[in-house]
1. What are the residues in region 80-102 that are over 22 Å from residue 118 (Cα atoms) and not β-branched (Val, Ile, Thr), if any?
2. Taking the residues in region 71-120 that are surrounded by 17 or more Cβ atoms within 10 Å (Cβ to Cβ) and among the aromatic types (Phe, Trp, Tyr) as candidates, determine which candidate is nearest to residue 57 (Cα to Cα).
3. Out of everything in region 42-85 that is in a loop (DSSP other than H, G, I, E, B) and of a type in the set (A, V, I, L, M), what residue ends up being nearest to residue 127 (Cα to Cα)?
4. Can you name the residue in region 48-65 that is charged (D, E, K, R) and modelled with pLDDT of 95 or more and is also nearest to residue 106 (Cα to Cα) among such residues?
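The values are calculated or read from the model by the stated rules, or taken from the named source; none is laboratory data. Quantities reported herein were computed from a predicted structural model and do not represent experimental measurements. Backbone-built Cβ (ideal geometry, glycine too); neighbour counts: all protein chains shown.
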Amino acid sequence: MKRVVFARTAAMAVLVALLPAGHLVRAHAQDPEVRLGETIRAEGTVTGRVVNHDDTPVPNALLRLRDVTTGQTVQTTEGDKAGRFTFVRVPPGSYIVELVDRRGNILAVGQMFGITPLKTVTTLIRLTSSPWYAGFFRNAALLAVASAAALGVTARGNGGQPASGRS
């Protein structure tokens with residue numbers, strides 16, 4: 001009896017392993033909307049919130065889900081009054097969520113994330129008091145100056161005076 005159960009379990013595992021990636025086979029013969037052996041796409045869900053820099057919700061925010069591999073917008077949605085949003089039936093892949101204005105200009109971008117079949121990913125979009133890229137360039141400039149100083153690169157200020165620690 002144990003051998004029969006083991007053999008059937010092994011056979012089912014092999015059949016599942018042979019299914020195309022990202023697909024499942026439904027076998028609910030009693031479900032009138034699904035035919036036996038029908039292949040469906042296994043998709044995920046993305047949920048999240050949009051908040052201001054002080055954590056207050058951004059009501060009725062316009063959002064785009066962008067596939068970072070292709071650069072294409074996959075879906076758009078509008079958040080609710082509490083700043084919550086959901087994208088459903090999202091194919092497996094890597095994405096970002098963009099907060100946009102009515103003209104489609106990007107106001108904020110969430111972190112990149114990956115989604116796998118039948119999973120839900122939660123993300124947060126936070127508006128800052130300055131443009132999203134301001135901190136990046138400020139930090140990049142500080143990093144460049146620090147790296148140059150560590151390598152002994154001398155910077156000269158106005159009037160030809162040394163501006164770095166090494167001259």
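1. 80, 81, 82, 83, 98, 99, 101, 102, listed by residue number.
2. This residue is 85.
3. 58
4. Of the residues in region 48-65, the ones charged (D, E, K, R) are 49, 54-55, 64.
Right, trim to modelled with pLDDT of 95 or more and you get 49, 64.
Numbers: 49: 16, 64: 9 Å.
So, considering only residues that are charged (D, E, K, R) and modelled with pLDDT of 95 or more, the one nearest to residue 106 (Cα to Cα) is 64.
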